[in-house]
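Following this message is one structure expressed as structure tokens.
The values are calculated or read from the model by the stated rules, or taken from the named source; none is laboratory data. Model, not experiment: these values are computed from the prediction. Using ideal geometry, Cβ is built from the backbone for each residue, glycine included, and neighbour counts are taken over all protein chains shown.
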């Protein structure tokens with residue numbers, strides 16, 4: 001099983017290494033630029049303007065900035081957890097017939113893929129940690145724990161996406177990993193919509209989305225990601241378990257095909 | 001002792017059915033698995049390796065049920081496919097790192113010795129290898145974990161005669177060890193005739209012939225006669241016949257019996273290819 005995980009890392013290194021180095025460099029540069037801009041540059045001026053002219057509170061401004069940071073923090077995860085690169089590489093090589101002949105059971109083969117994904121996320125977390133430390137040390141945007149909470153939440157979301165992609169790619173076939181990713185996104189969107197169905201209905205009932213209600217939604221989202229990351233972590237573990245069981249079941253049913 | 005024992009396996013894919021396949025491979029022998037493309041050779045191999053779930057029947061390897069102990073059994077099986085399944089960027093060194101973390105008996109010294117013996121560079125990505133080199137790489141992997149059973153699915157197809165001969169020599173060296181057994185699937189019967197002790201002939205998912213190669217070759221013969229004489233030959237002895245311009249060639253299933261019954265007719269020995277062609281015709 002360890003050999004399969006090593007092979008997955010080799011695939012990731014081969015497929016994504018150049019992009020990964022670019023992303024790390026870009027993330028660090030963006031973080032530094034962000035730090036400078038929020039202290040002395042344009043972001044600082046815009047935020048001051050928003051508070052003076054538009055009636056935004058300092059909390060609103062912090063949340064808007066955090067919202068942007070979330071996008072930066074998502075980049076390393078999006079890259080290292082692009083499990084499609086590994087699935088497609090296996091598919092292209094016809095590796096499934098090699099792995100099927102190895103002294104490994106089918107559930108162990110699936111587990112190896114899930115463990116690989118979990119280990120990939122550690123690389124993403126390491127990159128994000130650099131950014132978190134930089135932002136916590138040199139800006140007043142948010143404390144270390146808040147940023148760490150966001151990082152854990154983002155890692156959990158991306159892991160959920162990857163686990164779903166693995167399950168759907170077993171279901172649809174490894175050649176249709178693009179569709180598997182699309183289905184994973186749709187599943188996550190459906191879950192988010194279902195969880196927030198009350199708020200969505202109330203927005204539709206009032207018939208308009210005011211700047212205040214938008215800011216409230218944004219603030220609550222950022223607060224949720226930073227302060228309630230344990231919920232995302234638990235959700236990720238539950239999805240991981242369900243996806244593992246589902247994938248093993250699908251793999252057993254499609255034995256000989258995948 | 002039989003290393004492989006297949007008892008009445010059936011697998012129905014709808015458009016193709018592996019139908020009640022049974023045969024066994026004794027320890028220390030080379031079993032040639034012959035059949036046309038799509039005859040069911042690969043499906044049978046998949047059943048032996050427990051890659052597919054059979055609808056009915058049982059497969060025992062080293063006396064163990066593959067349905068229950070498939071993973072443990074595969075520890076002692078080396079497999080070579082017609083196409084290399086390794087990622088093209090992988091080097092011999094990469095494959096060694098992966099395999100030593102998979103097989104308990106992986107011997108990296110043996111692996112690198114094989115790479116050297118086969119003149120395969122260990123630092124070059126295997127995607128740059130020729131077809132012959134790719135096959136040799138697979139064989140090196142299959143032989144580096146002390147496999148007692150080597151299963152090869154069309155390993156020589158698409159190779160030039162020189163590389164094919166080299167590979168046959170490697171297989172001969174492998175079976176020198178008494179406890180080494182080989183299942184060699186191929187539609188190139190010439191290779192099997194040189195190497196095999198046992199032969200299993202499969203067609204449309206059914207085993208038509210199984211047994212000792214020499215006995216099969218001794219038993220079968222091609223009887224040459226005139227068209228009018230065909231009616232005289234017992235139908236029980238005729239496998240199939242081929243009407244030619246100057247007479248009829250008949251594959252008979254008992255050469256000795258034919259010789260006694262029809263002493264005036266010419267009976268020539270048949271090779272595996274001819275036997276296969278007459279059976280499937």
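The conditions are (1) assigned to a helix (DSSP H, G or I); (2) modelled with pLDDT of 90 or more; (3) farther than 25 Å from residue A:31 by Cα, and residue A:177 fails exactly one of them. Which is it?
With respect to (1) assigned to a helix (DSSP H, G or I); (2) modelled with pLDDT of 90 or more; (3) farther than 25 Å from residue A:31 by Cα, residue A:177 is out only on (2).
Right, something else. With A:21, A:69 as the choices, which residue is out of contact with any helix residue (DSSP H, G or I) (no Cβ under 6 Å at 6 or more places or on another chain), in a helix (DSSP H, G or I), buried (at least 19 other Cβ atoms within 10 Å of the Cβ) and more than 14 Å from chain B (Cβ to nearest Cβ)?
Values: A:21 fails: buried (at least 19 other Cβ atoms within 10 Å of the Cβ).
Answer to the check: A:69.
Something else now. If I ask for residues that are more than 20 Å from the chain's Cα centre (by Cα) and surrounded by fewer than 23 Cβ atoms within 10 Å (Cβ to Cβ), which ones from the stretch B:64-89 would you list?
Taking the stretch B:64-89 as the starting set, the residues that turn out to be more than 20 Å from the chain's Cα centre (by Cα) are B:64-65, B:67-72, B:75, B:86-89.
Across the stretch B:64-89, the qualifying residues are B:64, B:65, B:67, B:68, B:69, B:70, B:71, B:72, B:75, B:88, B:89.
Let me ask you something else. In this structure, is residue B:209 under 30 Å from residue B:13 (Cβ atoms) and in contact with a helix residue (DSSP H, G or I) (Cβ under 7 Å, 6 or more places away or on another chain)? Walk me through it before giving the result.
Numbers: under 30 Å from residue B:13 (Cβ atoms): yes; in contact with a helix residue (DSSP H, G or I) (Cβ under 7 Å, 6 or more places away or on another chain): yes.
It is true that residue B:209 is under 30 Å from residue B:13 (Cβ atoms) and in contact with a helix residue (DSSP H, G or I) (Cβ under 7 Å, 6 or more places away or on another chain).
While we're looking at this one, here's another question. Let me spell it out: the conditions are (1) assigned to a helix (DSSP H, G or I); (2) more than 9 Å from chain A (Cβ to nearest Cβ); (3) in contact (Cβ under 8 Å) with a residue 12 or more places away in the chain, and residue B:99 meets all of them except one. Which number is the exception?
(2)
Just checking: which of the strands (runs of 3 or more DSSP E) contained wholly in the stretch B:172-281 hold 1 or more residues that are surrounded by fewer than 19 Cβ atoms within 10 Å (Cβ to Cβ) and free of Cβ contacts under 8 Å to residues at least 12 places away in the same chain?
Working: elements: B:181-186, B:198-203, B:206-212, B:221-225, B:238-244, B:247-252, B:266-269.
Output list reads B:238-244.
Same structure, new question: Any residue at all in the stretch A:27-49 that is farther than 25 Å from residue A:140 by Cα and under 18 Å from the mean Cα position of the chain (by Cα)?
Within the stretch A:27-49, none of the residues are farther than 25 Å from residue A:140 by Cα and under 18 Å from the mean Cα position of the chain (by Cα).
Do we have residue A:14 as at pLDDT 75 or above, in a helix (DSSP H, G or I), out of contact with any strand residue (DSSP E or B) (no Cβ under 6 Å at 6 or more places or on another chain) and within 19 Å of residue A:166 (Cα to Cα) here?
On the way: at pLDDT 75 or above: yes; in a helix (DSSP H, G or I): yes; out of contact with any strand residue (DSSP E or B) (no Cβ under 6 Å at 6 or more places or on another chain): yes; within 19 Å of residue A:166 (Cα to Cα): no.
Considered against the rule, which asks whether it is at pLDDT 75 or above, in a helix (DSSP H, G or I), out of contact with any strand residue (DSSP E or B) (no Cβ under 6 Å at 6 or more places or on another chain) and within 19 Å of residue A:166 (Cα to Cα), residue A:14 comes out as no.
Here is a check on your reading of the model: is residue A:121 away from chain B (no Cβ under 14 Å) and surrounded by 18 or more Cβ atoms within 10 Å (Cβ to Cβ)? Step through it out loud before you land on a result.
Working: away from chain B (no Cβ under 14 Å): yes; surrounded by 18 or more Cβ atoms within 10 Å (Cβ to Cβ): yes.
So residue A:121 passes the test.
Quick one: count up the residues across the stretch B:43-62 that are within 14 Å of chain A (Cβ to nearest Cβ) and more than 20 Å from residue B:148 (Cα to Cα). Steps first, please.
First, the residues of the stretch B:43-62 that are within 14 Å of chain A (Cβ to nearest Cβ): B:43-55, B:59, B:61-62.
Subset that is more than 20 Å from residue B:148 (Cα to Cα): B:43, B:52-55.
Adding up the residues that qualify gives 5.
Considering only the stretch B:63-89, how many residues are assigned to a loop (DSSP other than H, G, I, E, B) and at the interface with chain A (Cβ under 7 Å from one of its Cβ atoms)? Walk me through how you get there before you give the answer.
Of the stretch B:63-89, the ones assigned to a loop (DSSP other than H, G, I, E, B) are B:63, B:75-76, B:81-89.
Narrowing further to those that are at the interface with chain A (Cβ under 7 Å from one of its Cβ atoms): B:75, B:81, B:83, B:85-89.
Count: 8.
To continue, here is another question. Within the stretch A:85-108, how many residues are more than 7 Å from chain B (Cβ to nearest Cβ), within 16 Å of residue A:170 (Cβ to Cβ) and touching a helix residue (DSSP H, G or I) at 6+ places or on another chain (Cβ under 7 Å)?
Total meeting the criteria: 9.
Then there is this: Out of all the residues in the stretch B:149-163, is one or more part of a helix (DSSP H, G or I), within 26 Å of residue B:76 (Cβ to Cβ) and within 13 Å of the chain's Cα centre (by Cα)?
Of the residues in the stretch B:149-163, the ones part of a helix (DSSP H, G or I) are B:161-163.
Next cut, within 26 Å of residue B:76 (Cβ to Cβ) only: none.
No: the stretch B:149-163 contains no residue that is part of a helix (DSSP H, G or I), within 26 Å of residue B:76 (Cβ to Cβ) and within 13 Å of the chain's Cα centre (by Cα).
OK, next. When residue B:120 is evaluated against the numbered criteria (1) out of contact with any strand residue (DSSP E or B) (no Cβ under 6 Å at 6 or more places or on another chain); (2) more than 10 Å from chain A (Cβ to nearest Cβ); (3) surrounded by 15 or more Cβ atoms within 10 Å (Cβ to Cβ); (4) in a helix (DSSP H, G or I), which criterion, by number, is the only one it fails?
(4)
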